[in-house]
Amino acid sequence: MKREHHQLCPNPGDSFMTASSSGKSKLWEDEAQDGGMDELLAVLGYKVRSSDMADVAQKLEQLEEAMGNVQGSISQLSSETVHYNPSDLSTWLESVLSELNPSPNLDSLTAVAGAVSAPPPLPPPPPPPADDSSFLAPAESSTITSIDFTDHSQQQHLNRLHKQRDCLIFEDASSSDYDLKAIPGKAIYSSQTQTQTQQQQLESPSSRESKRLKPSSVFNPALFSSPPLGSYTLPNESTRPVVLVDSQENGIRLVHALMACADAVHQNNFALAEALVKQIGFFAVSQAGAMRKVATYFAEALARRIYRLYPENPLDHSFSDMLQIHFYETCPYLKFAHFTANQAILEAFEGKRRVHVIDFSMNQGMQWPALMQALALRPGGPPAFRLTGIGPPAPDNSDHLQGVGWKLAQLAETIHVEFEYRGFVANSLADLDASMLDLRPSEVESVAVNSVFELHKLLARPGAIEKVLSVVKQMKPEIVTVVEQEANHNGPGFLDRFTESLHYYSTLFDSLEGSLDTQDKIMSEVYLGKQICNVVACEGVDRIERHETLSQWRNRLGSAGFAPAHLGSNAFKQASMLLALFAGGDGYRVEENNGCLMLGWHTRPLIATSAWRLA
């Protein structure tokens, strides 16, 4: 297959709409001429010819209807089909149908969407208009109308079918320059009612809106199971052929396409991966909310890996800081990280007259005003507070760390805290040496080392994390606070890493959906999207988002000569109160794990705070 290099769009909603419709139409024409197997179903183990898709879809409907009418041993049949994965899907469906209900004549089913089976034979539907040469029509004119049947019993049967299930219709009135594969369903259209229905649409926009798809917005891990039988029913009205979409079923196809594409990449089968990554864009547009966004970011990352369009070097510091500020405002993860780390530092500094914090993740210094205010309120007066901030260089060589220091100095003067600040610019924490930090004897000054979402970046370079932990030991700190993502994105196998990151970021995106500030939420999604791109598309030293779990960090820090320092019950209670103040805390959960605190969304932990002392 000839590989086309399409431009990747930064907008999640548009990432895969850039491929030309002519190229896709050519692909499907070739597929129809070859009579080959459907690519996506073939990857999942089902042998279905593209030309038989309509027939198979209608057999699925017949099977579902027959299963609904069987009162006997249906439970046994259902339990057996859960684990049975027939290769020849069409033949298997026909055999199951014959067992359940030998009377229906499957040959009477039409191969193109538009025929409805009923006990008495139906008159053939009127032919489509002369200009309808394709099953697909422009989205702007896609509607559904019913046929006026003369047989009253037939009409009753169709009404009964209509009440059993809802038919979801996908339309995109804003775009008609891309194609979708027709998903066959019982769409019956009549040329006689076309003009009348189009006039009704113009008069009542709400009726058109009511037909739009209402997809699920939450990523569901259960989608990794085998897809259920699809259900498409006869709608009330239609004039033009349309694409009928079952939202949940399309969501299953979307996840299967993502996993199949990742597996193809894992096996270096880039021809298949290229075909599948295009399918992902088609399935994603039928979803909404978190699932659509996260699928689009993962599809973009897969496409970059397939076409070797790797992301450039990390974003300039100012833009990265801006994205992190939006993330800070949108959700409580960074607030939780700063609060729990500050609580551990505050308790370690109790009774100390001079304290020194060395921050490996200075950024905009958002963590430290709260600690400075807590020190100012300490009984007996505040200690002298020294802060050393470490951060990456700015592209324009500006001294942004010094600007952060000036702002903190102004706050310290306002709350009457003796303050000293020094900023260090370093390309990597591994470049630091303890002699550079002007350390003072421990009896004079107590040291705390703080790292928020920084240590995992050292895992890209062999020996870097060991060197940094050795330098930290030379600082002789009272406490070391570490906040990291609770995920394993550093495994050697690409497919396992992809699966884990898909679960992790789907949960994160889902938690952002409750944000009221649209701008903050969008920028937060960009912030997370950059991480997804790095995890999936990059390798070697360029892949810096190498998150590891709390148990893995326990092993690393324990081997380096550190012992865990339990975070107190006060930190747990106060963190819970913090979440209660943040959007009511709905969905967010704090849990204690062997002296460490974790923040998660529903049942999934997402970040973990731990504290350490010299062993």
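What residue, of E413, E466, E420, is within 24 Å of A344 (Cα to Cα), in contact with a Phe, Trp or Tyr (Cβ under 9 Å, 6 or more places away or on another chain) and among the acidic types (D, E)?
Selected residue: E420, the only one of E413, E466, E420 that is within 24 Å of A344 (Cα to Cα), in contact with a Phe, Trp or Tyr (Cβ under 9 Å, 6 or more places away or on another chain) and among the acidic types (D, E).
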| remark: Of the listed residues (L567, L528), the one being in contact (Cβ under 8 Å) with a residue 40 or more places away in the chain, in contact with a strand residue (DSSP E or B) (Cβ under 7 Å, 6 or more places away or on another chain) and among the hydrophobic types (A, V, I, L, M, F, W, C) is L567
| message | So L401 passes all but one of these: (1) open to solvent by 10 Å² or more (accessible area, probe 1.4 Å); (2) part of a helix (DSSP H, G or I); (3) of a type outside the set (S, T, N, Q); (4) farther than 24 Å from A571 by Cβ. Which condition number does it fail? | response | (1)
| request: Could you list, in sequence order, all residues of segment 435-466 that are more than 19 Å from N490 (Cα to Cα), assigned to a helix (DSSP H, G or I) and either open to solvent by 10 Å² or more (accessible area, probe 1.4 Å) or acidic (D, E) (or both)? | output: S435, M436
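Yes or no, residue by residue, for (1) on the phi < 0 side of the Ramachandran plot; (2) assigned to a helix (DSSP H, G or I); (3) open to solvent by 10 Å² or more (accessible area, probe 1.4 Å):
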site	(1), (2), (3)
F283	yes, yes, yes
K293	yes, yes, yes
A301	yes, yes, no
I306	yes, yes, no
L309	yes, no, yes
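Could you please let me know if H503 is farther than 15 Å from F327 by Cβ, at pLDDT 95 or above and under 11 Å from the mean Cα position of the chain (by Cα)?
The answer is yes for H503.
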| query | When the residues of segment 589-605 are filtered to those that are touching a strand residue (DSSP E or B) at 6+ places or on another chain (Cβ under 6 Å) and over 21 Å from A565 (Cα atoms), which remaining residue is surrounded by the fewest Cβ atoms within 10 Å (Cβ to Cβ)? | reply | R589
| Could you say which residue among S551, S511 is within 27 Å of T481 (Cα to Cα) and either over 16 Å from the mean Cα position of the chain (by Cα) or modelled with pLDDT of 95 or more (or both)? | S551
| Just a yes or no: is a residue in segment 546-561 out of contact with any strand residue (DSSP E or B) (no Cβ under 9 Å at 6 or more places or on another chain), basic (K, R) and surrounded by 18 or more Cβ atoms within 10 Å (Cβ to Cβ)? | yes
| note | Residues of segment 562-588 being closer than 17 Å to N342 by Cα, of a type in the set (A, V, I, L, M) and open to solvent by 80 Å² or more (accessible area, probe 1.4 Å), in sequence order, are M577
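The values are calculated or read from the model by the stated rules, or taken from the named source; none is laboratory data. Predicted, not measured: the structure shown is a model, and the values here were computed from it. Using ideal geometry, Cβ is built from the backbone for each residue, glycine included, and neighbour counts are taken over all protein chains shown. Protein only, heavy atoms only, side chains kept; ligands, DNA and RNA dropped before computing areas. Shrake-Rupley method; radii C 1.70, N 1.55, O 1.52, S 1.80 Å.
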